[in-house]
Amino acid sequence: MTIRRCSDTGNRPVTFSITFLGATEQVTGSLYQINAGDHVVLLECGMIQGRGEDEARNHKAFPLDPKAVDAVVLSHAHIDHSGRIPLLVRQGFGGNIYTQHATVELCEIMLPDSGFLHERDAEWQNKKRRQRGESYVMPLYTKADAEACLSRFRGVDYDHEQEVVPGLSVRFLDAGHILGAAVVELTYRDGSGERRLVFSGDLGTRDSPVMRPPAIVNEADYVVLESTYGDRLHRNLADTLAEFRQVIKAAREEGGNILIPSFAVGRTQDLLYLFSKHWQEWGLNHWNIFLDSPMAIQATEVYAKNRDLYDARFFETDTFRPRLPNLRMTRSPEESMSINRETAGAIIIAASGMCTGGRIRHHLKNNIGRAENHVVIVGFQAAGTLGRRLVDGAKTVTLWGDEYAVKARVHTIGGLSAHADQKDLLDWYSNFRSRPPVYLVHGETAAQEALALKLRHQNKAVVSIAKFGQRVELH
Ligand SMILES: [Zn+2]
Ligand SMILES: [Zn+2]
């Protein structure tokens, strides 16, 4: 395909632009405004996660009027990309939300769950506020708000071109990050030609156990690139697996439990895959394995329904249950609480992945104070989260206002990340033929600076670190 370039816009109004309104110089809160002719499209509408003061920013008004947005394009289901959609709809957004069809199914479980967590969080805060005679807070949105936004979703297959608003079309390509995750290709056509913006979304790694490698893209006029691990190389998979095996062996010898904080979608299924593949070799038959997260259980069911999109060999072919005879999937609070009785020999996989909420916090409370226990961190931990404090070697942690000594051993197994590392990012960019200008998003400053340096030197790319509120005209 030839792309005619718009070399001279003269005095004509600029018709295609991107404005960076989130995930600038940080990982969470993805939100980008696309102007295409007279239309406004939001690319992502994610939640800001991390420190309390950061999360409070979710309650602030959107930097644009939700009623003025014509459509939303979503790369994948993770809450830092999708989590403010219910709020957008409640505040008057009335258009369609385009995303890969498996992402629709994941959002159907993740967004109502997020609404439920906001309601519970507000309830908990209001209990304390009542005692102090302070005014009440409202939840960011409710489960009902989240359920109401689901009718706006429109599922699109990978590699299919879909018109979003007149002149602007989207194509989703497999990003290899989690089920349904996409690289988003936005093409705008008007009288002066065709321009293409390629947004990496969250890119997967070259040797993800479950997902396919990210799709290669050759043509773009502009690239918006994630940079979560822009300054790091993951350990290779073989070393990572050897390390995992070692931790399990040590925990067995010491007679402890293993806690794995895990993102319900993506990481959990990676773990189920690896556990089923290495069940014998890692001695997993000696353990009771618990998947203690209703959301992760539901997400696993969505994976089971979409087996054509990844390597699905960890599911039994007849029952579509994970191929692990000693796995217990605990849905009810009673089943979850019964795990408290396990003082040794339990592997507990629970959300949330950064220990900011969910059942993992209860298990940490019960297990963190004993030296024979192990906590295995297998995913990215944003600054300010409890997970990050554990990775950084905190001696104590605070849970529900009480302080607990950290006696359990904390391991970080980096090679299992669902995100591209520096090499993956550079390799992916190097496939673009024309060395299009790059805007870095979805990364902390150190990672972005390191990646920018490499892109400039190795790839001769023109690189900018996107700033909040920055508008780029795509002409
Ligand atoms: Zn993601
Ligand atoms: Zn993300």
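Restricting attention to the range 25-65, the residues that are of a type in the set (A, V, I, L, M) and part of a helix (DSSP H, G or I) add up to 1. Residue count for the range 38-76 satisfying the condition of being modelled with pLDDT under 95 and on the phi > 0 side of the Ramachandran plot: 1. When residue 475 is tested against (1) away from ligand 2 (no atom under 16 Å from the Cβ); (2) part of a helix (DSSP H, G or I); (3) under 30 Å from residue 64 (Cα atoms), just one condition goes unmet, and that condition is (2).
Determine whether the range 164-172 contains at least one residue that is modelled with pLDDT of 95 or more and closer than 30 Å to residue 322 by Cα.
Initially, the range 164-172 is screened for residues modelled with pLDDT of 95 or more, giving 164-172.
Then drop every residue that is not closer than 30 Å to residue 322 by Cα, which leaves 172.
For the range 164-172, residues modelled with pLDDT of 95 or more and closer than 30 Å to residue 322 by Cα: present.
Going by what's in this entry, would residue 39 be described as buried (at least 21 other Cβ atoms within 10 Å of the Cβ) and more than 16 Å from ligand 2 (Cβ to nearest atom)? Considered against the rule, which asks whether it is buried (at least 21 other Cβ atoms within 10 Å of the Cβ) and more than 16 Å from ligand 2 (Cβ to nearest atom), residue 39 comes out as no.
For residue 318, state whether it is out of contact with any strand residue (DSSP E or B) (no Cβ under 9 Å at 6 or more places or on another chain), within 25 Å of residue 204 (Cβ to Cβ) and assigned to a loop (DSSP other than H, G, I, E, B).
Values: out of contact with any strand residue (DSSP E or B) (no Cβ under 9 Å at 6 or more places or on another chain): yes; within 25 Å of residue 204 (Cβ to Cβ): no; assigned to a loop (DSSP other than H, G, I, E, B): yes.
Taking the combined requirement at face value, the residue does not satisfy it.
Looking at the range 73-92, which of its residues are within 16 Å of ligand 2 (Cβ to nearest atom), not in a loop (DSSP other than H, G, I, E, B) and not polar (S, T, N, Q)?
Step one: of the range 73-92, the residues within 16 Å of ligand 2 (Cβ to nearest atom) are 73-85.
Add one more test, that the residue is not in a loop (DSSP other than H, G, I, E, B), and what stays is 73, 79-82, 85.
Once the filter is applied, which keeps residues that are within 16 Å of ligand 2 (Cβ to nearest atom), not in a loop (DSSP other than H, G, I, E, B) and not polar (S, T, N, Q), the range 73-92 yields 73, 79, 80, 81, 85.
Listed here are the strands (runs of 3 or more DSSP E) enclosed by the range 110-188 that have at least 2 residues being touching a residue at least 12 places away in the same chain (Cβ under 8 Å), crowded, with 23+ Cβ neighbours inside 10 Å and of a type outside the set (S, T, N, Q): 168-174.
Sort through 426, 451 and tell me the only one that's within 16 Å of ligand 2 (Cβ to nearest atom) and assigned by TED's automatic domain parsing to the domain that holds residue 201.
Values: 426 fails: within 16 Å of ligand 2 (Cβ to nearest atom).
Being within 16 Å of ligand 2 (Cβ to nearest atom) and assigned by TED's automatic domain parsing to the domain that holds residue 201 holds for just one of 426, 451, which is 451.
Scanning the range 271-314 for residues that are farther than 11 Å from residue 179 by Cβ, part of a helix (DSSP H, G or I) and either more than 23 Å from the chain's Cα centre (by Cα) or polar (S, T, N, Q) (or both) turns up 276, 277, 284, 285, 286, 298. Residue by residue through the range 93-107, note down the ones that are part of a strand (DSSP E or B) and either out of contact with any strand residue (DSSP E or B) (no Cβ under 6 Å at 6 or more places or on another chain) or within 14 Å of ligand 2 (Cβ to nearest atom) (or both). Scanning the range 93-107 gives a single hit, 99.
Considering only the range 248-267, how many residues are closer than 24 Å to residue 178 by Cβ and more than 16 Å from ligand 2 (Cβ to nearest atom)? Lay out the reasoning, then the answer.
Within the range 248-267, the first condition is being closer than 24 Å to residue 178 by Cβ, and the residues that meet it are 258-267.
With more than 16 Å from ligand 2 (Cβ to nearest atom) added as a condition, the list becomes 258-261.
So the answer is 4.
Looking across the range 77-104, the residues that are within 16 Å of ligand 1 (Cβ to nearest atom) and either modelled with pLDDT under 95 or charged (D, E, K, R) (or both) come down to 78, 79, 80, 84. Reported count of residues in the range 189-210, each being in a loop (DSSP other than H, G, I, E, B) and within 13 Å of ligand 2 (Cβ to nearest atom), is 5.
The values are calculated or read from the model by the stated rules, or taken from the named source; none is laboratory data. Note that the structure is predicted; figures quoted are calculated from it, not measured. Note that we place each Cβ from the backbone using ideal geometry, even for glycine, and neighbour counts take in every protein chain shown.
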